[in-house]
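*Asks:* One structure is given below, represented as structure tokens, and several questions about it will come after.
Where a number appears in this text, it was derived from the coordinates with a stated rule and is not lab data. Just so it is clear, the model here is predicted, and its values are computed rather than measured. When we count neighbours, we look across all protein chains shown, and the Cβ atoms used for this are built from the backbone with ideal geometry, even at glycine.
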Amino acid sequence: MVLTDSKSSIKGGEFLIKDIDASQIFIPEEFNEEQQMIAQTCVDFLRTEVHPKLDAIDYAKDTSLMVELLDKAGELGLLGTAIPEEYGGFGMNFNTSMLVTEACGGGHSFSVALSAHTGIGTLPILYYGTEEQKAKYLPKLATGEWKAAYCLTEPDSGSDANSGKTKAVLSEDGKHYIINGQKMWITNGGFADLFIVFAKIDNDKSLTAFIVEKSFGGITMNEEERKMGIKGSSTRQVFFNDCKVPVENQLYTREGGFKIAVNILNIGRIKLAAAVVGASKGVISTAVNYANERKQFGTSISSFGAIKHKIGDMIAKVFASESACYRAGQNIDDAIDTLLASGMESGQAKLKGVEQFAIECAMLKVHGSEVLDYVVDEGVQIYGGMGFSAEAPMDRAYRDSRINRIFEGTNEINRLLSVGTIVKRAMKGELNLMPAAMAVGKEILSIPDFGVVEEDGLFIPEKKAIKNMKKAILMIAGASLQKFMMKFEEEQEIIMNLADMLIETYVAESALLRVEKLIILRGEEACALEKDAALVYLHSAIDKLNSAGKVAITSFAEGDELRVMLMGLKRFTKIEPINLKDARRRLADAAIQKNGYIFI
Amino acid sequence: MKILVCITNVPDTTAKISFIDGDTKFNKTGVQYICGPYDDYALSRAVELKEQHGGTVTVLNVGEAESEQVIRKCLAIGADDAIRVNTEPTDSYFVAEQIAHIASQENYDLILMGRESIDFNSGVVHGLVGEMLGIPSLSPVMKLEIDGGVAKMTREIEGGKEDVEASLPLVLGCQEPIAEWKIPNMRGIMSARTKPLKVVEPVGSGLTITEKYALPAPKGAVKMIPAEEAEKLIDLLKNEAKVL
């Protein structure tokens with residue numbers, strides 16, 4: 001069978017109403033030799049330079065070691081992957097930069113410093129800077145000669161970012177903005193040479209961004225924050241006291257800062273999802289290795305079903321999350337290519353491309369960070385008593401994981417965003433949601449089919465299950481929107497349920513499509529374990545969707561409507577049961593034999 | 001200075017080893033290949049010497065097309081070009097013959113390789129190549145400096161070290177810490193695809209045929225004998241392990 005290359009114009013959020021063909025998605029097995037070599041360089045760098053120094057990084061008295069490591073990463077070119085060649089970088093496409101982020105994801109505090117520099121520190125200039133700003137700053141950031149930090153959050157302005165109080169006032173001679181204010185949780189604060197600072201000019205309602213060099217003066221800091229995890233990443237409160245910023249260092253338009261913040265965070269979110277996939281794989285390998293070594297009752301604990309269940313489940317979740325990451329990554333690349341072909345400027349095309357998939361970025365951030373939290377939790381559990389010891393690696397993994405559910409927008413904010421953006425696009429007519437929701441409304445009142453599947457092909461019942469998952473979402477979203485109308489956004493509990501349903505559907509579909517494509521490329525026999533992973537994921541996703549759906553329906557429906565919708569949900573979450581214990585065991589046995597994570 | 005670095009394409013150290021075709025062939029399914037770790041050190045030193053003294057580094061591999069991924073990684077690390085002799089490296093003499101044939105066509109100042117490959121570990125190819133070319137060969141070399149036309153080396157010997165000097169050209173089998181292990185950087189990786197990789201056909205033919213491979217017997221469980229039962233230990237060493 002030949003795969004048709006149909007980079008068709010899938011829009012962000014459209015997965016909910018469109019059937020996607022396996023040939024339309026990118027799978028990580030398709031990365032070429034050069035991309036794999038780049039990823040291997042990242043892995044080798046972590047293994048030789050970072051992992052032997054994790055304690056030294058976390059308990060360092062100053063930031064010199066972190067600076068040294070970032071310098072070395074800069075020498076290897078790891079800081080310039082997303083920066084175009086004309087500014088001293090390597091101009092790699094979005095999905096390659098995702099791969100680099102994943103490969104660097106297992107470096108604990110170092111990974112956070114690296115991401116902050118290459119992501120939120122560098123990208124605002126890359127995407128919104130003038131030609132002069134880009135030429136002046138990007139080459140220094142690409143090599144790591146200068147390190148960057150991003151100053152958005154304030155003590156009273158976290159998730160509500162646009163409420164910041166930091167002020168910028170034009171000097172009398174009109175040559176400088178004088179910035180005054182306080183910023184909090186500034187990653188890389190302790191050693192950054194350059195800060196992207198968000199402040200309000202005069203009495204503006206919205207933020208403006210500025211490129212602030214440390215040498216401008218007027219910048220002071222509190223001591224390093226004492227944190228639960230990522231202890232080795234520098235996190236400071238930064239104070240701007242009459243900091244004089246030349247007017248030419250205003251980034252983008254006046255009051256355009258919030259837009260920068262939002263768009264840069266879109267990229268940050270999907271990149272975070274890739275990073276936590278990398279971290280999760282590392283933790284799984286560490287846990288499997290321990291389970292093999294640790295003997296109880298005269299045998300390795302990895303031989304026990306209770307442990308195999310954990311290993312199998314961890315692998316299935318990470319496999320699925322990874323599938324979704326690179327699927328969305330490629331969608332973004334394709335969108336960027338289309339915009340570039342239409343004549344749009346490169347930075348703008350990249351931003352718009354990512355913005356189009358803001359829904360997916362938010363969903364993936366939530367999913368990836370929660371998978372890593374699951375993996376580290378089970379990692380501690382597999383280590384047993386040693387898992388609770390600060391001498392063993394799970395202690396650091398457990399503490400460092402937690403921040404991922406908080407930064408780059410809390411997972412609650414991201415759940416609100418994913419559903420909110422879908423609704424907004426539907427209202428604007430960009431996403432044709434209403435006819436689909438109405439069709440589902442009609443379907444639940446009609447006689448159900450009895451599951452007779454007549455088509456031939458791969459994963460026919462599973463694909464039907466995915467289709468039904470989408471119908472369940474449309475049913476509940478449609479009914480709740482109709483019920484609450486303009487007050488829908490106040491129903492955050494229902495939105496959280498809907499977000500969970502969306503995420504599970506998107507991720508399960510991604511894993512299934514990945515395996516389908518892989519089977520077409522390599523044959524079914526060579527993909528038995530991947531199939532197990534996708535099916536384990538799909539079945540648990542249906543259960544989760546069912547459970548979230550029930551909670552949502554009972555939150556607003558009553559009487560006949562309640563009964564009809566619960567029946568509909570039951571109908572839409574029906575799938576022929578399979579032996580999931582055996583599937584998890586096969587995954588675990590392969591991992592036990594390999595002594596680590598089994599897929600690429 | 002012209003340096004030729006010979007590299008092997010070997011299974012990753014964590015690869016699961018098994019055999020097929022009646023235990024006559026290594027099972028390559030699912031095996032990840034790497035550049036021989038000792039060869040990696042040889043290449044790293046060659047690149048360092050090139051940076052110090054100028055010149056070129058050519059990578060040579062005797063192997064089939066599947067070696068090219070590892071060859072390109074060597075180009076990414078800093079070699080200028082590569083030659084692959086398109087054949088299965090069946091035995092040390094055959095491999096040495098190919099290297100000598102290629103080397104005889106150019107005036108290389110140094111022919112570097114690992115002290116041994118980590119798959120068959122014969123450790124004789126450098127000696128054979130030296131003999132075939134009629135130039136000195138030394139191994140295992142753990143330190144190498146070039147001063148004029150003279151190589152100053154430190155060689156590991158049984159229980160100690162030996163400092164030696166020799167005139168170029170030379171064939172050397174290398175081992176750590178001859179150079180700092182190098183990770184290819186982005187620029188190197190991106191330039192690797194444009195560097196020349198020449199494929200040539202072999203000369204002669206292999207001398208040996210593998211009749212059968214076998215894995216070592218699995219290790220038995222450790223038996224703990226209490227100190228006060230030393231007689232039992234002696235009995236086991238004599239009659240079970242048969243080492244006394």
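*Asks:* Can you grab the distance from the C-alpha centre of the stretch B:222-244 to the C-alpha centre of the stretch A:66-141, Å, no decimals?
*Replies:* For the stretch B:222-244 versus the stretch A:66-141, the Cα centre distance is 62 Å.
*Asks:* Name the long-range amide H neighbours of residue B:137: under 5 Å, sequence gap of 5 or more, or other chain; modelled H, no Pro or chain starts.
*Replies:* B:171
*Asks:* Same structure again: Along the charge dipole of the stretch A:380-509, which of A:426, A:476, A:486 sits closest to the positive end, that is, farthest toward it, with unit charges on the beta carbon of Lys, Arg, Asp and Glu (+1, +1, -1, -1)?
*Replies:* A:486
*Asks:* For an R0 of 56 angstrom, estimate the FRET efficiency from the Cβ-Cβ distance between residue A:600 and residue A:165 and round to the nearest 0.05. Let's see the in-between values first.
*Replies:* Working: r = 47 Å, r/R0 = 0.84.
With R0 = 56 Å, the Cβ-Cβ based efficiency is 0.75.
*Asks:* At residue A:205 and residue A:570, where each label point lies 7 Å from the Cα along Cα→Cβ, what is the point-to-point distance in nanometres?
*Replies:* For residue A:205 paired with residue A:570, the spin-label model returns 5.0 nm.
*Asks:* Name the residues whose placed amide hydrogens come within less than 5 Å of the amide hydrogen of residue A:146, ignoring near sequence neighbours (fewer than 5 apart) on the same chain.
*Replies:* Here the answer is A:141, since their amide H atoms fall under 5 Å of that of residue A:146.
*Asks:* A further question follows. Would you mind working out the magnitude of the charge dipole of chain B relative to its Cα centre, with +1 at each Lys and Arg C-beta and -1 at each Asp and Glu C-beta, to the nearest 20 Debye?
*Replies:* Working: 25 positive and 36 negative charges, 128 e Å.
Once rounded to the nearest 20, the dipole reads 620 debye.
*Asks:* Separate question: To test your reading of the geometry: what angle, between 0 and 90 degrees and rounded to tens, separates the Cα axis of helix A:305-341 from the longest principal axis of chain A?
*Replies:* It works out to around 60 degrees.
*Asks:* Loop-only trypsin sites (Lys or Arg not before Pro) in the stretch A:311-388, please: DSSP not H, G, I, E or B, and at most 12 other Cβ atoms within 10 Å. Can you show the working numbers first?
*Replies:* Working: sites: A:317, A:327, A:350, A:352, A:365; in loops: none.
Here no trypsin sites (Lys or Arg not before Pro) fit, given the DSSP loop and packing criteria.
*Asks:* For residue A:47 and residue A:582, FRET efficiency with R0 = 41 Å and r from the beta-carbon atoms, rounded to 0.05?
*Replies:* Approximately 0.75, to the nearest 0.05.
*Asks:* Among A:302, A:439, A:554, whose Cα lies farthest out toward the positive end of the dipole of the protein assembly as shown, if unit charges sit on the beta carbon of Lys, Arg (+1) and Asp, Glu (-1)?
*Replies:* A:554
*Asks:* Starting from 0.36 nm per residue, how many nanometres of slack lie between residue B:236 and residue B:147 once their C-alpha separation is accounted for? Mind showing how you got there, number by number?
*Replies:* Values: separation 89, 0.36 × 89 = 32.04 nm, distance 5.77 nm.
Separation in residues times 0.36 nm, less the Cα-Cα distance, equals 26.3 nm.
*Asks:* Sort the stretch A:119-179 into rounded, prolate or oblate with this rule: let a ≥ b ≥ c be the square roots of the eigenvalues of the Cα gyration tensor; rounded if a/c is under 1.5, and if a/c is not under 1.5, prolate when a/b is larger than b/c, oblate otherwise. The partial results should precede the final answer.
*Replies:* Working: a/c = 2.41, a/b = 1.25, b/c = 1.92.
It is oblate, given that a/c is not under 1.5 and a/b is not larger than b/c.
*Asks:* List the relative contact order of chain B as a percent without decimals, with contacts defined as Cα pairs under 8 Å and 6+ residues apart. Display every interim value, and only then the final one.
*Replies:* Numbers: 474 pairs, mean separation 58.8, N = 244.
Relative contact order, chain B: 24 percent.
*Asks:* Roughly speaking, what is the centre-to-centre gap between the stretch B:45-96 and the stretch B:177-216 when only Cα atoms are used, to the nearest Å?
*Replies:* The stretch B:45-96 and the stretch B:177-216 have Cα centres spaced 6 Å from each other.
*Asks:* Tell me the label-point distance for the pair residue A:221, residue B:19, using the 7 Å Cα-to-Cβ offset, in nm and rounded to one decimal.
*Replies:* With each label point 7 Å from Cα toward Cβ, the separation is 6.1 nm.
*Asks:* Would you mind checking the tilt of helix B:92-103 against the longest principal axis of the Cα atoms of chain B, expressed as 0 to 90 degrees and rounded to 10?
*Replies:* Roughly 10 degrees, rounded to the nearest 10.
*Asks:* What is the local net charge at residue B:201, summed over the other residues whose Cβ is closer than 14 Å to its Cβ (Lys, Arg +1; Asp, Glu -1)?
*Replies:* Working: positive: B:84, B:198; negative: B:64, B:88, B:97.
After counting each charged neighbour, the total is -1.
*Asks:* Separate question: At 0.692 mPa s and 37 °C, plugging the Kirkwood radius over alpha-carbon pairs of chain A into Stokes-Einstein gives what diffusion coefficient in µm²/s? Please list the in-between numbers first.
*Replies:* Working: Rh = 25.1 Å.
Calculated translational D: 131 µm²/s.
*Asks:* Ok, one more. For the stretch A:220-281, which GluC sites (Glu not before Pro) pass both filters: DSSP loop (anything but H, G, I, E, B) and at most 13 other C-beta atoms within 10 Å?
*Replies:* Numbers: sites: A:223, A:224, A:225, A:248, A:255; in loops: A:223, A:224, A:225, A:255.
Those that pass, being in a loop and sparsely packed, are A:223.
*Asks:* P(r) of the stretch A:1-113 in 10 Å steps, Cα pairs, percent per bin?
*Replies:* It works out to 12, 34, 27, 18, 9, 1, in whole percents.
*Asks:* Given a cut-off of under 8 Å on Cα pairs at least six residues apart, what relative contact order in percent is computed for chain A?
*Replies:* Values: 1009 pairs, mean separation 92.1, N = 600.
Contact order relative to length: 15 percent.
*Asks:* Points 7 angstrom from Cα along the Cβ direction at residue B:217 and residue A:406: gap in nanometres?
*Replies:* 5.9
*Asks:* Neighbour counts of other C-beta atoms within 10 Å: give me A:146, B:181 arranged from fewest to most. Walk me through the intermediate numbers first.
*Replies:* Working: A:146 20, B:181 14.
Going from sparsest to densest Cβ surroundings: B:181, A:146.
*Asks:* Less than 10 Å Cβ to Cβ from residue B:62, Lys/Arg counted +1 and Asp/Glu -1: what total charge do the surrounding residues give? Could the numbers behind the result be given before it?
*Replies:* Values: positive: B:84; negative: B:64, B:88, B:97.
Net of charged neighbours comes to -2.
*Asks:* Along the Cα-to-C-beta direction of residue A:55, a point sits 7 Å from the Cα; which residues of the stretch A:371-398 have their amide N less than 12 Å from that point?
*Replies:* A:390-393
*Asks:* Between residue A:528 and residue B:119, how high is the FRET efficiency from 1/(1 + (r/R0)^6) when r is the Cβ-Cβ distance and R₀ = 25 Å? Nearest 0.05.
*Replies:* Details: r = 29 Å, r/R0 = 1.15.
Calculated transfer efficiency: 0.30.
*Asks:* Treating only the Cβ of Lys, Arg, Asp and Glu as charged (+1, +1, -1, -1), what charge dipole size does the stretch A:150-255 show about its Cα centre? Round to the nearest 20 debye.
*Replies:* Numbers: 13 positive and 15 negative charges, 53 e Å.
Charge dipole, the stretch A:150-255, about its Cα centre: 260 debye, nearest 20.
*Asks:* Just to be sure I understand: with springs between alpha-carbon atoms less than 10 Å apart, which residue in B:29, B:13, B:154 has the highest mean-square fluctuation in the Gaussian network model of chain B?
*Replies:* B:29
*Asks:* For chain A, what is the charge dipole size about the Cα centre, in debye to the nearest 20, if Lys and Arg each add +1 at the Cβ and Asp and Glu each add -1 at the Cβ? Kindly include the intermediate steps, with their values, before the conclusion.
*Replies:* Details: 68 positive and 81 negative charges, 218 e Å.
Dipole size: approximately 1040 debye.
*Asks:* On a 0 to 90 degree scale, rounded to 10, what angle separates helix A:131-143 from the longest Cα axis of chain A?
*Replies:* So the inclination is approximately 70 degrees.
*Asks:* Could you pull out the chymotrypsin sites (Phe, Trp or Tyr not before Pro) across the stretch A:383-477 that fall in loop regions by DSSP (anything but H, G, I, E, B) with no more than 13 other Cβ atoms inside 10 Å? Present the calculation step by step, with values, prior to reporting the outcome.
*Replies:* Values: sites: A:383, A:388, A:398, A:407, A:450, A:459; in loops: A:407, A:450, A:459.
Answer by residue number: A:450.
*Asks:* For the stretch A:192-206, just list the computed ³J(HN,Hα) in residue order, Karplus coefficients 6.51, -1.76 and 1.60, θ = phi - 60°, integers in Hz, with x standing in for Gly and Pro.
*Replies:* 5, 9, 9, 10, 8, 10, 9, 8, 9, 7, 6, 9, 4, 7, 10
*Asks:* In square nanometres and to one decimal, what's the mean projected area of the convex hull around the Cα atoms of the stretch A:436-584?
*Replies:* On the way: hull surface 38.3 nm².
For the stretch A:436-584, averaging the hull's shadow over all directions gives 9.6 nm².
*Asks:* If you don't mind, another one. Quote the relative contact order of the stretch A:62-102 in percent (integer), defining contacts as alpha-carbon pairs under 8 Å separated by 6+ residues.
*Replies:* Details: 30 pairs, mean separation 9.7, N = 41.
Reported as a whole number, the value is 24 percent.
*Asks:* Also, quick follow-up: Name the residue farthest towards the positive end of the dipole of the protein assembly as shown from the options A:26, A:264, A:56, assuming +1 on Cβ of Lys and Arg, -1 on Cβ of Asp and Glu, about the Cα centre.
*Replies:* So the residue we want is A:264.
*Asks:* Once amide H atoms are built 1.01 Å from N in the peptide plane, which residues 5 or more positions from residue A:91, or in another chain, come under 5 Å H to H?
*Replies:* A:83, A:85
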